[in-house]
Amino acid sequence: MIDLYYWTTPNGHKITLFLEESGLPYRVHPVNIGRGEQFAPDFLRIAPNNRIPAIVDQAPADGGAPLSVFESGAILLYLADKTGRFIPQDLRGRNEALQWLFWQMGGLGPMAGQNHHFTQYAPEPVPYAIDRYVKETARLYGVLDKHLADGRDYIAGDYSIADMTCYPWIVPHERQRQDLADFPHLRAWFERIQARPATGRAYALAQTINTAPTVDEAAKKILFGQDAGTVRR
Ligand SMILES: N[C@@H](CCC(=O)N[C@@H](CS)C(=O)NCC(=O)O)C(=O)O
């Protein structure tokens, strides 16, 4: 059994995509990050960065005590290694999947995250920042579009954690001021993943957990006012 500490955001969706595809038994523990639940001491013990997602594997492969994992990329890799699924088993395929996993973790995720912040949440418009992050998001979409242009269906051969880590960050493409018509290979890939039954189940689950997915003023104070003092408390 996997305990999943989750909220209905792109990084959360990555893990429900995996769990729904793999059929691993899991139970969801909602962590409402707009209400500060990411600072609960029990959650911080498994997720010291006060961010979702995190998991606790109640039956790790070594037969030892329950094992916790934070950081979505580390969780995907852990689950792929645990099941032997959604990661190529050969050296070169695994290497390719891991490069794109890290590309998303270090590039697409953080840059699109700043895009969301400055296009939707900043208290006043900062044209330089909006321009910077909208352009960088477009560049990253272009990189992935080019990678997919050789006719492959998925990023690293078969459907894998490389796709699961990227897809949820392309879902809000309109909010990121991107037009998928500019990225035809990316759009075909996106629609392919969108059509997977497990993708439908993962996003349907989100709707049962968070029925009003807006970032209100109270949530903005919690999410955007953090500093070193926040983690020392
Ligand atoms: N690098 C982290 C980022 C996780 C992250 O930013 N999670 C957001 C939701 S998508 C969160 O929990 N935010 C809570 C907060 O900012 O306090 C990962 O990929 O797991």
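The values are calculated or read from the model by the stated rules, or taken from the named source; none is laboratory data. All figures in this text were calculated on a predicted structure; none of them were measured in a lab. Please note: Cβ atoms are built from the backbone with ideal geometry, for glycine as well, and neighbour counts cover all protein chains shown.
Only one entry in Ala129, Ala138 is assigned to a helix (DSSP H, G or I), over 21 Å from Leu223 (Cβ atoms) and small (Gly, Ala, Ser), namely Ala138. In this structure, does Phe102 turn out to be surrounded by 18 or more Cβ atoms within 10 Å (Cβ to Cβ) and within 16 Å of the ligand (Cβ to nearest atom)? When the stated conditions are applied, Phe102 does not pass them.
The condition of being farther than 22 Å from Ser22 by Cβ, at pLDDT 95 or above and away from the ligand (no atom under 13 Å from the Cβ) holds for only one of Thr137, Thr83, that being Thr137.
Checked against (1) over 24 Å from Leu148 (Cβ atoms); (2) touching a Lys or Arg at 6+ places or on another chain (Cβ under 6 Å); (3) of a type in the set (S, T, N, Q), Gln120 passes all but condition (2). All of Ala97, Ala47, Ala65 fail the test of being buried (at least 19 other Cβ atoms within 10 Å of the Cβ) and free of Cβ contacts under 8 Å to residues at least 60 places away in the same chain, apart from Ala47.
Of the residues contained in segment 129-140, one or more are found to be surrounded by 18 or more Cβ atoms within 10 Å (Cβ to Cβ), closer than 24 Å to Phe86 by Cα, not polar (S, T, N, Q) and not assigned by TED's automatic domain parsing to the domain that holds Leu19.
Look through segment 171-197, keep the residues that are in a helix (DSSP H, G or I) and in contact with a Gly (Cβ under 9 Å, 6 or more places away or on another chain), and return whichever of them is farthest from Gly142 (Cα to Cα). Step by step, filter segment 171-197, then rank; the result is Gln194.
When segment 76-89 is limited to residues that are out of contact with any strand residue (DSSP E or B) (no Cβ under 9 Å at 6 or more places or on another chain) and among the charged types (D, E, K, R), the one that is surrounded by the most Cβ atoms within 10 Å (Cβ to Cβ) turns out to be Arg85.
Exactly one residue among Gly73, Gly12 is near the ligand (Cβ under 9 Å from one of its atoms) and in contact with a strand residue (DSSP E or B) (Cβ under 7 Å, 6 or more places away or on another chain), and that residue is Gly12.
Residues that are hydroxyl-bearing (Ser, Thr, Tyr) and out of contact with any Pro (no Cβ under 9 Å at 6 or more places or on another chain) were ranked within segment 15-27; the one that is farthest from the ligand (Cβ to nearest atom) is Ser22.
All conditions in (1) out of contact with any helix residue (DSSP H, G or I) (no Cβ under 6 Å at 6 or more places or on another chain); (2) part of a loop (DSSP other than H, G, I, E, B); (3) surrounded by 13 or more Cβ atoms within 10 Å (Cβ to Cβ) hold for Ala212, with the sole exception of (3).
Under the condition of being aliphatic (A, V, I, L, M) and assigned to a helix (DSSP H, G or I), which residue from segment 215-233 is surrounded by the fewest Cβ atoms within 10 Å (Cβ to Cβ)? So the residue we want is Ala228.
Please work out which residue is surrounded by the fewest Cβ atoms within 10 Å (Cβ to Cβ), limiting yourself to segment 28-44 and to residues that are within 16 Å of Thr211 (Cα to Cα) and within 8 Å of the ligand (Cβ to nearest atom).
Going through the qualifying residues, I end up with Ile33.
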